[in-house]
Each structure stands twice: as C-alpha cells, then as structure tokens.
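Here the structure comes first, spelled out in structure tokens, and everything after it is commentary.
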Amino acid sequence: MTTVYPKLVVSKEMIYQNAARVVDRCAAAGISVTGVTKGVSGREMIVRAMAEAGCAEIGDSRMSDLEFIRTLDLGIPLLLLRIPMPSELPRVVKTADRTLVSMPETVSLIDKECSIADCTHEVIVMIDLGDLREGIWMENVEEMVDHLKRTERVRCAGVGSNFGCFGGALPAPEKLELLASLGTKLESSLGYPLEVCSGGSTSSLKLVEQGAVPKGINNLRVGEGILLGVDVTGDRAVPWLNQHTMRLEAEVIEVYRKPSVPVGPLGLNAFGKEPVFDDRGERLRAILAVGRQDVLIDGLEPEASGARILGGSSDHMIVDVEDVHPRVKLGDVMHFFPDYGAMLALSTSPFVLFDVV
Ligand SMILES: *Cc1c(COP(=O)(O)O)cnc(C)c1O
C-alpha cells in the first residue's frame, strides 16, 4: 500500500485519555464536560473517543459537522457552539439539541422555525463578561426574558460564558460567581429551573485544578485541552494531560546547502510581505511538500531536534536541517507537532490525510 503525504496522524488513545482525565477531574467538582470537536472537524474516531470517555455532550461550531455526528447515534446531546446564522436555523432545529444564543431576536427566530418543523429546541444564553466575543452584555441579560417567556417551543437550558476566545480575558472565580448569579436571576425571572451554567472552556480547567470553581457552575466546554493537552490562554501545557497527541508527517522533496540570505535585490514574498533573514552562512535546507494550503506554518514545532522552520509558501515549507542527525535526505518523512491553529487548518485542508491510529 502506498502512503499518502502530507498526513495528520492522531492518537485516539491519547485523546481518549485526555478526555477521561478531564471528565474525572470535572466530575469531582460537580461539573459535566461538553467535548468540543470543531478543532478536528468532528472526525468520527475523535468524537467517539470523547463520548466513550464520558463527555456528557458533544459540541461543534459547524452544522455540517453536527449533521455528521448525528449519524453516529451516540445517545448524548449535540450542542451548536457558534451562535447560529438565521439562514441555517432550519438545519439547526432539525439536528442540534441545544444552541448557544446571544440575541433575543435569535430566540424568536428559533421559535418560529420550531413551529414550522413541529419540534422543540433548547438554548443556552451566552453572557459576555468581558471577553468581547459573543454574548449579551452582563448588564442586559433581562432583555432576554420577554422573548424567552413568549416562545412556545424554545426552552432556556441555562447560561454560559466565554473566556480567552477573543479578548484573552481570563476566567476568574469572581467572574464565574457573577455568571452563576446571573443564571439564578434569569431562572427566577423565567420561573423554571435552569439546568446548565457553563463556565467556559479549556482555560477554566486551571480553576478546577485549584478547587476554585464557584458553586453553581456545572459545565465546561472543552476542546483544546482534550485534543492537544494545552491551554493557550493560560500559556501552559496542562501537566496532567498528554501533549503531542497528533503529528503532521510531510515528505522531503529537495535537500541542498544554500545561503541563508537571498541573493540580489529583494522584493516582497508571495504573500506581499517583506521577508527577514538571519545570515547564518550556508545551511542545509530541506523543502517539504506541505504549505499554506495545508497548514498554518507558524503553528508547527519540528519533532527532530536541531530542525528549524524557516518559512513557506502555498505548497512548500522550508526547514533548516543543518543540525539534524542523521542527515535528512530526499524522500524522508519529517514530523511536526501542530498548535490549535495548525490543527484546525490540517483538519480542514482537502489535501491532508487524517489518519487515526
Ligand atoms: C471552541 C469553543 C469552546 C472550546 O474552547 P477550547 O479552548 O478549545 O476548550 C467552547 N465554547 C465555545 C463557544 C467555543 O466556540
């Protein structure tokens, strides 16, 4: 059998272990875990690993992913993580069990769509506590009440918030206390109990470790921590999770020793940027058959010690391999660890094989 490169090789076992550890730690704090699969476009084996590890729910940002996940019949609810486009609501009410919402108008549109489809739907009201991505501003949550009360087919399942998604705002115990109290307030305005108070994502795991999650928070939505074992917002590898759960494998198509600074007058590179070079003399450089059509090059870390990524264009990535032993040669396969952005690009490029081992 011929092997196809580039490919992303993913360890189901390591991801399963990460999911199980997150689920166990959170369970001890009375917190359920929504396993977030958007980083790998809802790939089957990863979704199954999260479900088998005890995630109470699966969340993804794309309807097409959720529609695929629905066919797996996992027996747990599916959550649409991205506040929905009005135009996709017919798909949303048909496939997702729950949807995050931030505007009263969206609630009414979902209700209307439910009457057309003769179904019901649950929403989680996202509250912006300062990260400045989606969410109704913390002082205005009551604006949701009228719309929620008027709907016949939409039930509010709870409240949630984001941290570290856009503004880099960190989850703090005081913020989560505020979220829980806003949830309680909404509950009494609505006159029925809310099931979920979702206190953020991977970045909130730190508070779980410290036993600092306030009472009332009973769910986290975790992607990055399970998939990569890291917490970018907190700038750390999570010490009790596996890192290097997946690697990019790419093939070497040229190896030459060349100067480390281009020769002659310089213009802009293929992406309109002025390139900068370090003069390190002549260096052995490998060109790999992978590029910006496949991956975010800045988000890769070479596995081989001594290797240094110099840059790349649409279809080529250039790596300084002068200090790599044994010497890199034509046809070799080199390995790289992706960060979240690189994983996202690798998972969505049609040119990259997704291989679960
Ligand atoms: C992506 C996403 C998450 C998961 O974030 P991680 O940092 O990957 O854990 C949680 N909630 C929402 C709304 C998201 O879009």
Please tell me if VAL328 is farther than 23 Å from ASP278 by Cβ and hydrophobic (A, V, I, L, M, F, W, C). no
Go through the residues of segment 238-254 one by one and say whether even a single one is farther than 30 Å from MET14 by Cα and either within 16 Å of the ligand (Cβ to nearest atom) or of a type in the set (D, E, K, R) (or both). yes
So, in segment 36-74, exactly how many residues are under 21 Å from PRO214 (Cα atoms) and of a type outside the set (A, V, I, L, M, F, W, C)? 0
Please go through segment 164-183 and pick out each residue that is surrounded by 15 or more Cβ atoms within 10 Å (Cβ to Cβ) and assigned to a helix (DSSP H, G or I). LYS175, LEU176, GLU177, LEU178, LEU179, ALA180, LEU182, GLY183
Kindly evaluate ARG82 against the criterion of being assigned to a loop (DSSP other than H, G, I, E, B) and modelled with pLDDT of 95 or more. yes
Given the conditions (1) within 18 Å of the chain's Cα centre (by Cα); (2) within 16 Å of the ligand (Cβ to nearest atom); (3) open to solvent by 60 Å² or more (accessible area, probe 1.4 Å), which single one is not true for TYR16? (2)
In this structure, does LEU74 turn out to be farther than 25 Å from GLY223 by Cα, surrounded by fewer than 22 Cβ atoms within 10 Å (Cβ to Cβ) and among the hydrophobic types (A, V, I, L, M, F, W, C)? no
In segment 111-126, what residues are more than 25 Å from ALA180 (Cβ to Cβ) and not charged (D, E, K, R)? CYS114, SER115, ILE116, ALA117, CYS119, THR120
Scanning segment 272-288 residue by residue, the ones that are closer than 24 Å to LEU228 by Cα and touching a Phe, Trp or Tyr at 6+ places or on another chain (Cβ under 8 Å) total 0
Unique residue being out of contact with any Leu (no Cβ under 7 Å at 6 or more places or on another chain), β-branched (Val, Ile, Thr) and open to solvent by 50 Å² or more (accessible area, probe 1.4 Å) when the list is VAL357, VAL328: VAL357
Give the residues of segment 278-287 that are farther than 20 Å from ASP315 by Cα and either open to solvent by less than 60 Å² (accessible area, probe 1.4 Å) or of a type outside the set (Asp, Glu) (or both), sorted by residue number. ARG280, GLY281, ARG283
Would you confirm whether any residue within segment 30-47 is open to solvent by 20 Å² or more (accessible area, probe 1.4 Å), aliphatic (A, V, I, L, M) and either within 14 Å of ARG221 (Cα to Cα) or in contact with a Gly (Cβ under 8 Å, 6 or more places away or on another chain) (or both)? no
Within segment 216-235, residues out of contact with any helix residue (DSSP H, G or I) (no Cβ under 7 Å at 6 or more places or on another chain) and in contact (Cβ under 8 Å) with a residue 24 or more places away in the chain come out as ASN218, ASN219, ARG221
Scanning segment 89-111 residue by residue, those out of contact with any Ser or Thr (no Cβ under 7 Å at 6 or more places or on another chain) and of a type in the set (D, E, K, R) turn out to be ARG91, LYS94, ASP97, ARG98, GLU105
Enumerate the pairs (first residue in segment 1-12 and open to solvent by less than 20 Å² (accessible area, probe 1.4 Å); second residue anywhere and at pLDDT 95 or above and aromatic (Phe, Trp, Tyr)) with beta-carbon separation below 8 Å, excluding pairs fewer than 6 apart on the same chain, so at least 6 apart or on different chains. PRO6/PHE351; LEU8/PHE354; VAL10/PHE354
Considering only segment 187-217, state which residues are within 16 Å of the ligand (Cβ to nearest atom) and surrounded by fewer than 16 Cβ atoms within 10 Å (Cβ to Cβ). GLU209
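The values are calculated or read from the model by the stated rules, or taken from the named source; none is laboratory data. Quantities reported herein were computed from a predicted structural model and do not represent experimental measurements. Cβ: placed from backbone, ideal geometry, glycine included. Neighbour counts: every protein chain shown. Accessible surface is based on the protein model in full, side chains and every heavy atom, while ligands, DNA and RNA are left aside. Shrake-Rupley method; radii C 1.70, N 1.55, O 1.52, S 1.80 Å.
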